[in-house]
Amino acid sequence: MTQRIRHVFHLYHPAVILLYAVSVLGLTMSTLQPVYLAISVVTAVIYGRYLIGWQHFRKILLFAAIPALMIALVNPLFSSGGATILFYLGRFSVTREAIFYGLAAGAMLLAVLLWFACWQKLINQEKFMYLFGRVFPTLALMLSMIFRLLPVTRSKALQISYARKAALPQVSGVRQRLKRQAAAISILMSWTMEDSIETADTMRARGYGTGRRTSYQIFSWHTRDTVMAVCLLLLLLADVRGVWLHVFQYYPRLDGDLTAWPQLALYPVHAVLLGLPLILEAWEAIRWK
Amino acid sequence: MPDRLNRLLIWAEPVALLGAPLLLVLAVIRQVEQTALISFLVLALAMLPFFARFEQRRPRPRDMVPIVVLSVIAMIGRTLLTVLPNIQPVTAIVIISGIALGPQAGFLTGSLTALASNLLLGQGPWTPWQMFAWGLAGWLAGRLRQAGLFRRPVAVYAYGVLISFVYGALLNVWVVAGFVRPFNWPAALTVYLASLPVDLLHAGSTLVFLLLFYHPWLKKIERLKTKYGLSRDLL
């Protein structure tokens, strides 16, 4: 399976991508209306497959399906709500409403987990640090110190373990080995601590944290970002209105018209908003054919 | 002015930390459809005062170092020591950080460890919950020490076991509050029972790591604080 490295959506400013990702997650979590849920799940699967590649996405799908199934089962088994009793399982009555609610809640959980998997690809570490650093410069500095220290400290851990292996007699038994390892980690802690305080002083001397945080990649705001942000906001407004209008009740009785006329027109809005990056990719593919 | 803001933020911390679960319970009782979404907003609001106060103090890099290093060690421990999932020293290290460096450092160690390791391993809806739960573990440890409850190490060990279960319980809240309706105890219990083995491992490993690290690390950090003159009031 070949994986696309460049996506059209990555050309946009991280703030625009964040707006999209937050809107999608927020909307997915705000309604249990069946059609909206179905749109969200289907779009997440298509986009996730496109972004991540089928090979890896298959595993994510499996991993996300387990809690979703659990929720789909737990709800009908234990919920006493719902008016239409289908059958009894021991002391528990299973109702039609609870089964449907379970399916809907499971679908929502599945969609949220899949969208988070897409989020990981959309907002990578670099973009996250850029956005996070704008709001919390000190914490972003700490995060980047953590990322810098990880490989350094790992190699220190190896050095310690080699040195101790050569210098100390072998021990056997879980207890002894655990004590050895704990001592090694303690050494690692104080070594890293002393080293890093020295580093921190030179960082201060070089003026870390005095100016605005810069990033390796240059993110600049273009006209297309403004256009995209406005489009996203308009779609978001329309979609929030749609979610608001489409009331669907599970308890005590399933109640809700899925095909009421004026609301019907708002389904495509949801699909367009969620599938916006896919539409951009398709447009690009057609244009360059 | 910044001083007043700072004092306000100090007050906001416990209110936000303890108010967040309350708001969530309210959303569950009122059966709000968007509980899953609301819980994220509540968590963000709960963590904001900590981050804002830390930013606002403009700490020197050397004062960040203890927090950063403890996070790094916790993350490495999480990957190095894993024989089984959830046998990890993060909770123990976060508790030690809270006790040795103060509630705020404890909170930051916990939440930054969660954020950084999820940035590497993959984000999910669990990220803010882990940030919150580990942050709470560190913050509460610091507060309890200030209240003089941790004079005897046994109290710390007991706290470690207890808070590990609280951590597991918090991570399940999102699923139970957001996706089980109408809320009922048997269903909630099923979700919690399903995660019990994991929680037991977590609590056990926290206890073991506290037994191994608590005393030596407290002494080491105390020595470092004196040697390098790390500011106490900040932490």
How many residues are of a type outside the set (K, R), facing chain B (nearest Cβ under 10 Å) and surrounded by 10 or more Cβ atoms within 10 Å (Cβ to Cβ) if we restrict to the stretch A:199-221? 7
Please verify whether B:L24 is assigned to a helix (DSSP H, G or I), modelled with pLDDT of 80 or more and open to solvent by 10 Å² or more (accessible area, probe 1.4 Å), treating the condition exactly as stated. no
B:L200 meets each of (1) of a type outside the set (D, E); (2) in contact with a Ser or Thr (Cβ under 8 Å, 6 or more places away or on another chain); (3) more than 9 Å from chain A (Cβ to nearest Cβ) with one exception, condition (2)
Just one of (1) out of contact with any His (no Cβ under 9 Å at 6 or more places or on another chain); (2) modelled with pLDDT of 90 or more; (3) not charged (D, E, K, R) trips up A:L89, so point out which. (2)
From the options B:T109, B:T127, B:T91, residue that is in contact with a helix residue (DSSP H, G or I) (Cβ under 6 Å, 6 or more places away or on another chain), assigned to a helix (DSSP H, G or I) and under 15 Å from B:L212 (Cβ atoms): B:T91
So, B:T190, is that one on the phi < 0 side of the Ramachandran plot, among the polar types (S, T, N, Q) and within 12 Å of chain A (Cβ to nearest Cβ) or not? yes
Considering (1) farther than 27 Å from A:S196 by Cα; (2) at pLDDT 90 or above; (3) open to solvent by 70 Å² or more (accessible area, probe 1.4 Å), say which one B:L189 fails and leave the rest. (2)
Out of B:Q88, B:Q146, which single residue is of a type in the set (S, T, N, Q), away from chain A (no Cβ under 11 Å) and surrounded by 21 or more Cβ atoms within 10 Å (Cβ to Cβ)? B:Q88
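Could you pull out the residue among B:L121, B:L140, B:L112, B:L136 that is among the hydrophobic types (A, V, I, L, M, F, W, C), closer than 24 Å to A:I123 by Cα and open to solvent by 20 Å² or more (accessible area, probe 1.4 Å)?
B:L121
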How many residues, within the stretch B:203-229, are at the interface with chain A (Cβ under 7 Å from one of its Cβ atoms) and either closer than 20 Å to B:Q88 by Cβ or open to solvent by 20 Å² or more (accessible area, probe 1.4 Å) (or both)? 6
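Per-residue answers, yes or no, for (1) assigned by TED's automatic domain parsing to the domain that holds A:Q263; (2) within 22 Å of A:D257 (Cβ to Cβ); (3) touching a Leu at 6+ places or on another chain (Cβ under 7 Å):
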| residue | (1), (2), (3) |
| --- | --- |
| A:L18 | yes, no, yes |
| A:L27 | yes, yes, no |
| A:L32 | yes, yes, no |
| A:V45 | yes, no, yes |
| A:F57 | yes, no, no |
| A:P67 | yes, no, yes |
| A:F78 | yes, no, no |
| A:L103 | yes, yes, no |
Unique match (being facing another protein chain (nearest Cβ under 9 Å), under 29 Å from B:D63 (Cβ atoms) and β-branched (V, I, T)) among A:V135, A:V112: A:V135
Within the set of pairs 6+ apart or on separate chains, which have a first residue in the stretch A:140-158 that is closer than 18 Å to A:Q181 by Cα and at the interface with another protein chain (Cβ under 9 Å from one of its Cβ atoms), a second that is among the hydroxyl-bearing types (S, T, Y) and in a helix (DSSP H, G or I), and C-beta atoms under 7 Å apart? A:T153/A:T192
Got at least one residue in the stretch A:48-62 being of a type in the set (G, A, S), more than 9 Å from chain B (Cβ to nearest Cβ), within 30 Å of A:A282 (Cβ to Cβ) and touching a residue at least 60 places away in the same chain (Cβ under 8 Å)? yes
Of the conditions (1) crowded, with 17+ Cβ neighbours inside 10 Å; (2) assigned to a helix (DSSP H, G or I); (3) in contact with a Ser or Thr (Cβ under 7 Å, 6 or more places away or on another chain), B:E55 fails just one. Which one is it? (1)
Among the residues of the stretch B:50-70, is any out of contact with any His (no Cβ under 6 Å at 6 or more places or on another chain), more than 9 Å from chain A (Cβ to nearest Cβ), of a type outside the set (F, W, Y) and closer than 30 Å to B:W185 by Cα? no
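The values are calculated or read from the model by the stated rules, or taken from the named source; none is laboratory data. All of these numbers come straight from a predicted model, not from anything done at the bench. All Cβ positions, glycine included, derive from the backbone under ideal geometry; neighbour counts span all protein chains shown. For the accessible areas, the whole protein counts, side chains as well, though only heavy atoms, and no ligand, DNA or RNA atoms are used. Shrake-Rupley method; radii C 1.70, N 1.55, O 1.52, S 1.80 Å.
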